[in-house]
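Here's the structure, in structure tokens; my notes come after.
The values are calculated or read from the model by the stated rules, or taken from the named source; none is laboratory data. All figures in this text were calculated on a predicted structure; none of them were measured in a lab. Using ideal geometry, Cβ is built from the backbone for each residue, glycine included, and neighbour counts are taken over all protein chains shown.
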Amino acid sequence: MSEPYTGRCDTCGARFPCALVHNGFNDSAFAYCEQCGTAGFVSAWRDDIPREAHFEAHGPVSAATESLLAPCSCGGRFRRDAAPRCASCHSALSATAAASWLEAQAPGAAKGWRWQRSWQGLYSLIVAGRSQQLAWAPARASAESDPAASPRPRLEPDDPTEGGGRWRSRGT
Ligand SMILES: [Zn+2]
Ligand SMILES: [Zn+2]
């Protein structure tokens, strides 16, 4: 699903190992952390994709999926329009500048393969092995805006004839 490449930062000149992921073959959608550039993936085969994510594979995550994602371990958000970043200076990499080193190394380039020159196409780039499976945010907006939908975790069944109203009035 990916090939080893040597990337080059167009800001500081550092070189770093990277890999291209074809999100079509991989049946996945991706987003980059806006702060550290980690590549995050959601496989179309996962069974925990919320219906409201309006999930679509084979490219950047949909806007609805993006809004449900848990943040990166660095504190940044995974965005569908963010970019991978240099492993040394953390500058966002240029998708057009990457064409020079990707096409020089890609086995298919001799047969006409061209880099997509965008971070929002079929391919995503993993810099220095920094990738992860994307997680869903634990407290989703739907649960927070409707407290009645999340029942109290401990209801002692000592008085089953009493309705839920009594339990709800207890805390107030
Ligand atoms: Zn991050
Ligand atoms: Zn750099």
* **Candidate set from segment 24-46 (those that are buried (at least 22 other Cβ atoms within 10 Å of the Cβ) and either not in a strand (DSSP E or B) or not hydrophobic (A, V, I, L, M, F, W, C) (or both)); member that is farthest from ligand 2 (Cβ to nearest atom)** => S28
* Structure fact -> Pairs returned, first residue in segment 11-37 that is free of Cβ contacts under 8 Å to residues at least 60 places away in the same chain and of a type outside the set (G, A, S), second residue that is within 16 Å of ligand 1 (Cβ to nearest atom) and part of a strand (DSSP E or B), beta-carbon separation under 6 angstrom, 6 or more apart or interchain, are C33/F78; E34/R79
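Taking segment 1-23 on its own, how many of its residues are hydrophobic (A, V, I, L, M, F, W, C) and within 16 Å of ligand 2 (Cβ to nearest atom)?
First, the residues of segment 1-23 that are hydrophobic (A, V, I, L, M, F, W, C): 1, 9, 12, 14, 16, 18-21.
Next, only the ones that are within 16 Å of ligand 2 (Cβ to nearest atom) stay: 9, 12, 14, 16, 18.
Here the count works out to 5.
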* Asked: Quick check, is S124 modelled with pLDDT of 95 or more, over 19 Å from H22 (Cβ atoms), among the hydroxyl-bearing types (S, T, Y) and out of contact with any Asp or Glu (no Cβ under 6 Å at 6 or more places or on another chain)?
  -> no
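What do you reckon, is R85 away from ligand 2 (no atom under 16 Å from the Cβ) and surrounded by 14 or more Cβ atoms within 10 Å (Cβ to Cβ)?
On the way: away from ligand 2 (no atom under 16 Å from the Cβ): no; surrounded by 14 or more Cβ atoms within 10 Å (Cβ to Cβ): yes.
Judged against the criteria, R85 is not a match.
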